[in-house]
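Peer 1: Structure provided below as structure tokens; questions to follow.
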Amino acid sequence: MRAYKRAGNAVVVVVLIMSVVLSACSSSSGAREKVRLGEVARTIFYAPQYVALSQGFFADEGLDVELQTTAGGDKTMTALLSGVIDVALVGSETSIYVYQQGADDPVINFAQLTATDGTFLMARNKQDTFEWNDLKGKAFLGQRKGGMPQMAGEFTLRKHHINPHEDLELIQNIDFANIASAYASGTGEYVQLFEPQASIFEQEGKGHVVASFGVESGKLPYTAYMSKGSFLKKHPSTAQKFTNALYKAQLWVADNSTERIAEAILPYFKDADRNIVIRAVQRYKEQGSYASDPSFDQEEWSNLLDVLRTAGELKQDVAIDKLVDNQYAEHAQTNVK
């Protein structure tokens, strides 16, 4: 169990205990509680989520999770704040943005899915050796300003003494959903891509992965499940059952081969080649991108704040206990076998 712990009040504890009884009743009766989940992207980076769906872990907890893809962090957060979805899978930085705007109903992170950046640096031309200085003077197709992929990318570039706004031609005016197609059509000499798109382009000869931003930027609460504080107060048992299912999936991913994980998530990537899915899962597993459990720790949160600070997006430091509630993760780790 990680060092950070947020104390829950007695009422929440009672509700969580009652949720076990309610979960058993709902499972036996066949009735499931609907949860509207919005993911910021469809990517193998989120493999444990698709495992939780395909292996029935959400269903076992009495949940009927309705998944939709809302491409881009801004769109996903808008859907959450407007009540279109109940739970958002999105970068933790978005909860900080909402907090900085003085929201009366802040967005709370309650379960972590990924622990590193999930993008890879792809070069259009094959390079026998790669040095970060090779990027200087080149056209770099990056991600949306203020989003975690772009900020983690800039954080890495600066670590290698590259000013992304002065030392290269940074392209940021392309919508998240269209970045891959823009690169395929000839925009940029380098691009920052998630899997499986990176492996697809390698197979098609459109580019070559030369580095991992996940390895370079370190541990981060990169993508997490979050809800409005009001939702969590009203539905603590829902959050607990959701987190239980996620933790079961995380344990399953840790214990199974890349081939078996690929088979479990293939229904969510119907047009993807099986070998590409296996390769992508392997890349993420090898660099520790899949969080081993749903909890957040102080070191990761501090690293997140450093990334935002370097990007000029952090107005003030935000303590972890303002926007993270670890009680659901801690309960899952104690009780899920």
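Peer 1: Reachable aspartates and glutamates from Lys337, Cα under 19 Å, same-chain residues fewer than 8 places away excluded?
Peer 2: Asp60, Glu61, Asp255, Asp293
Peer 1: Continuing with the same structure: Enumerate the lysines that Lys315 could reach by cross-link, defined here as Cα to Cα under 26 Å, with residues fewer than 8 away along the same chain left out.
Peer 2: By straight Cα distance, Lys315 reaches Lys5, Lys75, Lys145, Lys159, Lys219, Lys228.
Peer 1: Please identify which residues in the stretch 57-93 have an amide N closer than 12 Å to a label point set 7 Å out from the Cα of Asp175, following the Cα→Cβ vector.
Peer 2: Output list for this probe position: 71-72, 75.
Peer 1: Something else: Over the stretch 91-232, what is the mean sequence separation of C-alpha contacts under 8 Å (at least six apart), divided by residue count, expressed as relative contact order in percent?
Peer 2: Details: 238 pairs, mean separation 66.6, N = 142.
So the answer I get is 47 percent.
Peer 1: Can you tell me what percent of all Cα-Cα pairs in the stretch 67-117 are more than 13 Å apart? Please list the in-between numbers first.
Peer 2: Working: 727 of 1275 pairs.
Of all Cα-Cα pairs in the stretch 67-117, 57 percent lie more than 13 Å apart.
Peer 1: How large is the convex hull of the Cα atoms of the chain per residue, expressed in Å³ as a whole number? Show your work: numbers first, answer last.
Peer 2: Numbers: hull volume 43.6 nm³, N = 337.
Here the figure is 130 Å³ per residue.
Peer 1: Counting only protein heavy atoms and a 1.4 Å probe, tell me what percentage of the stretch 185-294's accessible area is made up of carbon and sulfur.
Peer 2: For the stretch 185-294, the apolar C and S fraction of the accessible surface comes to 46 percent.
Peer 1: Here's another thing I want to ask about it. At 1.4 Å probe size, with every protein chain present, just tell me what the per residue accessible area of the chain comes to in Å². Don't jump to the answer; show the numbers that get you there.
Peer 2: Working: 13990 Å² over 337 residues.
Value returned for the chain: 42 Å² of accessible area per residue.
Peer 1: Along the charge dipole of the chain, Cβ charges K/R +1 and D/E -1, which of Leu121, Met151, Ala272 sits furthest on the positive end?
Peer 2: Comparing the listed Cα positions along the dipole, Ala272 ranks first.
Peer 1: Calculate the length of the line joining the C-alpha centroid of the stretch 83-119 to that of the stretch 287-320, in whole Å.
Peer 2: Using only Cα atoms, the two centres lie 12 Å from each other.
Peer 1: Counting other Cβ atoms within 10 Å, which trypsin sites (Lys or Arg not before Pro) in the stretch 94-165 have at most 16 and lie in a DSSP loop? It would help to have the intermediate numbers written out before the result.
Peer 2: Details: sites: Arg124, Lys126, Lys136, Lys138, Arg144, Lys145, Arg158, Lys159; in loops: Arg124, Lys126, Lys136, Lys138, Arg144, Lys145.
Qualifying residues, ordered by number: Lys126, Lys136, Lys138, Lys145.
Peer 1: Inverting the mean 1/r over all pairs of different Cα atoms, compute the Kirkwood radius of the stretch 252-337 and quote it in Å. Could the numbers behind the result be given before it?
Peer 2: Values: mean 1/r = 0.0633 Å⁻¹.
For the stretch 252-337, inverting the mean 1/r across all distinct Cα pairs yields 15.8 Å.
Peer 1: What helices does the chain hold that run 15 Å or longer along their axis, going by alpha-carbon atoms, with a Kyte-Doolittle average of -1.0 or more, using DSSP H for the helix calls?
Peer 2: Numbers: long enough: 10-29 (29 Å, 2.24); 148-159 (16 Å, -0.49); 236-255 (29 Å, -0.30); 274-286 (18 Å, -0.77); 298-310 (18 Å, -0.68).
Span-like helices here: 10-29, 148-159, 236-255, 274-286, 298-310.
Peer 1: On to the next question. If the only charges are +1 at each Lys and Arg Cβ and -1 at each Asp and Glu Cβ, what is the size of the charge dipole of the stretch 267-327 around the Cα centre, to the nearest 20 debye? Let's see the in-between values first.
Peer 2: Details: 8 positive and 12 negative charges, 84 e Å.
Here the stretch 267-327 has a charge dipole of around 400 debye.
Peer 1: Which one, Ile171, Gly142, Ile108, is farthest towards the positive end of the dipole of the chain when Lys and Arg carry +1 and Asp and Glu -1 on their Cβ?
Peer 2: In the chain, that residue is Ile108.
Peer 1: Return the calculated 222 nm mean residue ellipticity for the chain, to the nearest 500 deg cm²/dmol, obtained by summing -39500 (n - 2.57) across DSSP H runs with n ≥ 4 and dividing by the residue count. Before the final figure, lay out the partial values.
Peer 2: Details: 16 runs with 153 residues, N = 337.
Only helices count here, giving -13000 deg cm²/dmol.
Peer 1: Something else: Compute the Rg/Rh shape ratio of the stretch 218-288: radius of gyration over Kirkwood radius, all on alpha-carbon atoms. Let's see the in-between values first.
Peer 2: Values: Rg = 15.3 Å, Rh = 14.3 Å.
Expressed as Rg/Rh, it is 1.07.
Peer 1: With +1 assigned to the C-beta of every Lys and Arg and -1 to the C-beta of every Asp and Glu, and no other charges, what is the dipole magnitude of the chain about the Cα centre in debye, to the nearest 20? List each step's numbers first, then the result.
Peer 2: Values: 33 positive and 41 negative charges, 113 e Å.
Approximately 540 debye in magnitude.
Peer 1: Please report the relative contact order for the chain, taking Cα pairs under 8 Å with a sequence separation of at least 6, and give it as a percent rounded to a whole number. Don't skip to the answer; put the middle values down first.
Peer 2: Values: 602 pairs, mean separation 96.9, N = 337.
For the chain, the relative contact order is 29 percent.
Peer 1: Magnitude of the Cβ-charge dipole of the stretch 145-276, K/R +1 and D/E -1, about the Cα centre, nearest 20 debye? Could you put the intermediate results ahead of the total?
Peer 2: Details: 13 positive and 15 negative charges, 212 e Å.
Charge dipole of the stretch 145-276: 1020 debye, to the nearest 20.
Peer 1: Just name one of Ile44, Thr243, Phe194: the one whose Cα is farthest towards the positive end of the charge dipole of the chain (beta-carbon charges, Lys/Arg +1, Asp/Glu -1).
Peer 2: Checked the options; the winner is Thr243.
The values are calculated or read from the model by the stated rules, or taken from the named source; none is laboratory data. Treat the numbers as computed from the prediction; the structure is a model and nothing was measured. Using ideal geometry, Cβ is built from the backbone for each residue, glycine included, and neighbour counts are taken over all protein chains shown. Accessible surface areas use protein heavy atoms only, side chains included; no ligands, DNA or RNA. Shrake-Rupley method; radii C 1.70, N 1.55, O 1.52, S 1.80 Å.
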